[in-house]
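Accompanying notes for the structure given below.
The values are calculated or read from the model by the stated rules, or taken from the named source; none is laboratory data. Since the structure is predicted, the reported quantities are computational estimates derived from the model, not experimental observations. Cβ atoms come from the backbone with ideal geometry, glycine included; neighbour counts cover every protein chain shown.
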Amino acid sequence: MKNTKQHGSKAHLLGLVCGLALAVLAVAPATPALANNVANTTYSFYFSGDGATQGTNPREKDTSSVCYLRVSSLGLNHMNFYIDGSTYSSGGWVNRTRGGVAVAYYTGHFSIHNYVYENGGSWARLTSMSDCGSGSVSGMWSPDSNESNPSLN
Amino acid sequence: MHHRIVTPARVAIVACALVLAGVYGVPWLSSFGQKEDAPQDTKSDPSATYQANVPFDLVGEERERDAKGQEQWDFWDFAKGWDWTGTMRLTVSDPVVYTSPEAAGFQDDGFWPSDASGETVVLDVRIENVDATCRDSVVAENGAPSLNLSMFELDIDGTTQYPSYFSAPGVAGLVYGAGKAESYTWPAPGESVTARIGYSLDLYREWVQGTRLIVATPPATDLSYQVVLFTGWSDGAPVVELGAATTAPEGVTSGE
């Protein structure tokens, strides 16, 4: 009887510990995905009027992290940026920018939220479109990022 | 009465057709209805062509400023595209192919591409700062005088690849965290550094198989290589012609 009671107590204790552990796991923040392809590469876009789109070459996207964007020079009032994603580097590009567009009004370091990885994409490219005339924009970007920067979208 | 007979040959033909449709049809179909704005097409000849193992100078010139004091320049004026003014003297080695990034001496710090395992093309770049000064705008943005090694893009048989691995003396005071800071280095005036830069051949093959509909790619030693000195504008960018790639001897991990 004594042994049984002890076993019962141990079982309750074990259950309590497991329950607490599960509760802790449930409320603990998820470990952020390690941002892999974080190296900065340069972009320079020149626009001779509204509507045209320019973009970088595709880069591998390894995580669901935000994209990093640095706007070094901005020769227009503002610039519309997009993160396109695809399963293939060769095409099938779909705009995966959160909210559809990320607008920069000034230079600086930024983040662009996107859903490339969440939609099965393993390739991303930065594209840009002017809707305010001719001018240029240049800077750096990376498909993944572990930096904390103001979000454009 | 005519009976249709399912022969092994017919089965094989149907199977091949299904496989080909899966490999090529899916990416082709998925491209419909999507915007297909190409990056800058390379149409012009390189503005300068340098050779491997021969030192050459990249001289940075001052940029103009607009009414707001913001730097402005024509992107195709490459002397104004470098991150410095003055002279940097570069020497780029011929490519060497290693079986993996580890074999090439790169150390994984958690910021490698997800498929970082295969053959890696390695260049050793000697960067001598003759009298160069990092642009104020670059110092302001990066936190310290710095040169981004991502400027050394590798053209493999006409396909441009970004670097995946870096090994070079770091820069103190950068605003970037681990990973992003890896691609930056800076020799002080009168000093030099040797940077090792690696490119994933797996990424190249994935790219080629998707864009050129080629299933098999030549061995690394049969491909042609050229460095594109990239400042964000590819049309007419200066290049460095490289010789044929050689395979690193077994057990060799350093090109020093």
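What the table shows:
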quantity: Criterion (at pLDDT below 90, within 12 Å of chain B (Cβ to nearest Cβ) and at negative phi) met by exactly one of A:Ala30, A:Ala52, A:Ala11, A:Ala26; calculated: A:Ala52
quantity: Subset tally (residues that are within 14 Å of chain A (Cβ to nearest Cβ), surrounded by fewer than 16 Cβ atoms within 10 Å (Cβ to Cβ) and on the phi < 0 side of the Ramachandran plot) for segment B:99-117; calculated: 5
quantity: Meets criteria (buried (at least 16 other Cβ atoms within 10 Å of the Cβ), within 23 Å of B:Gly243 (Cβ to Cβ) and not aromatic (Phe, Trp, Tyr)) for B:Thr120; calculated: yes
quantity: Residue identified as buried (at least 20 other Cβ atoms within 10 Å of the Cβ), out of contact with any helix residue (DSSP H, G or I) (no Cβ under 8 Å at 6 or more places or on another chain) and of a type outside the set (Val, Ile, Thr) among B:Ser224, B:Ser234, B:Ser183; calculated: B:Ser234
quantity: Qualifying positions in segment B:44-75 - out of contact with any Phe, Trp or Tyr (no Cβ under 9 Å at 6 or more places or on another chain), within 14 Å of chain A (Cβ to nearest Cβ) and surrounded by 13 or more Cβ atoms within 10 Å (Cβ to Cβ); calculated: B:Gln70, B:Glu71, B:Gln72, B:Trp73
quantity: Boolean, A:Ser44 is part of a strand (DSSP E or B), within 11 Å of chain B (Cβ to nearest Cβ) and surrounded by fewer than 22 Cβ atoms within 10 Å (Cβ to Cβ); calculated: no
quantity: Those strands (runs of 3 or more DSSP E) lying entirely in segment B:157-256 with at least 3 residues at pLDDT below 95 and within 13 Å of another protein chain (Cβ to nearest Cβ); calculated: B:159-161
quantity: Residue match in segment B:198-208 (condition: in contact with a strand residue (DSSP E or B) (Cβ under 6 Å, 6 or more places away or on another chain), within 21 Å of B:Phe78 (Cα to Cα) and either surrounded by fewer than 19 Cβ atoms within 10 Å (Cβ to Cβ) or not basic (Lys, Arg) (or both)); calculated: no
quantity: Residue that is surrounded by the fewest Cβ atoms within 10 Å (Cβ to Cβ) [pool: residues in segment B:126-152 that are at the interface with chain A (Cβ under 8 Å from one of its Cβ atoms) and touching a residue at least 60 places away in the same chain (Cβ under 8 Å)]; calculated: B:Ser137
quantity: Matching residues in segment A:112-136 - criterion: being within 12 Å of chain B (Cβ to nearest Cβ), modelled with pLDDT under 95 and under 21 Å from A:Leu76 (Cβ atoms); calculated: A:Gly135, A:Ser136
quantity: When residues of segment A:89-103 are limited to those that are touching a residue at least 12 places away in the same chain (Cβ under 8 Å) and surrounded by 22 or more Cβ atoms within 10 Å (Cβ to Cβ), the one farthest from the other protein chains (Cβ to nearest Cβ); calculated: A:Ala102
quantity: Within segment A:55-83, considering residues that are under 22 Å from A:Tyr115 (Cβ atoms) and either out of contact with any Ser or Thr (no Cβ under 9 Å at 6 or more places or on another chain) or among the acidic types (Asp, Glu) (or both), the one modelled with the highest pLDDT; calculated: A:Ser64
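Each row is one residue, and each column tells you yes or no for (1) more than 8 Å from every other protein chain (Cβ to nearest Cβ); (2) of a type in the set (D, E, K, R).
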| position | (1), (2) |
| --- | --- |
| A:Arg70 | no, yes |
| A:Leu74 | no, no |
| A:His78 | yes, no |
| A:Phe110 | yes, no |
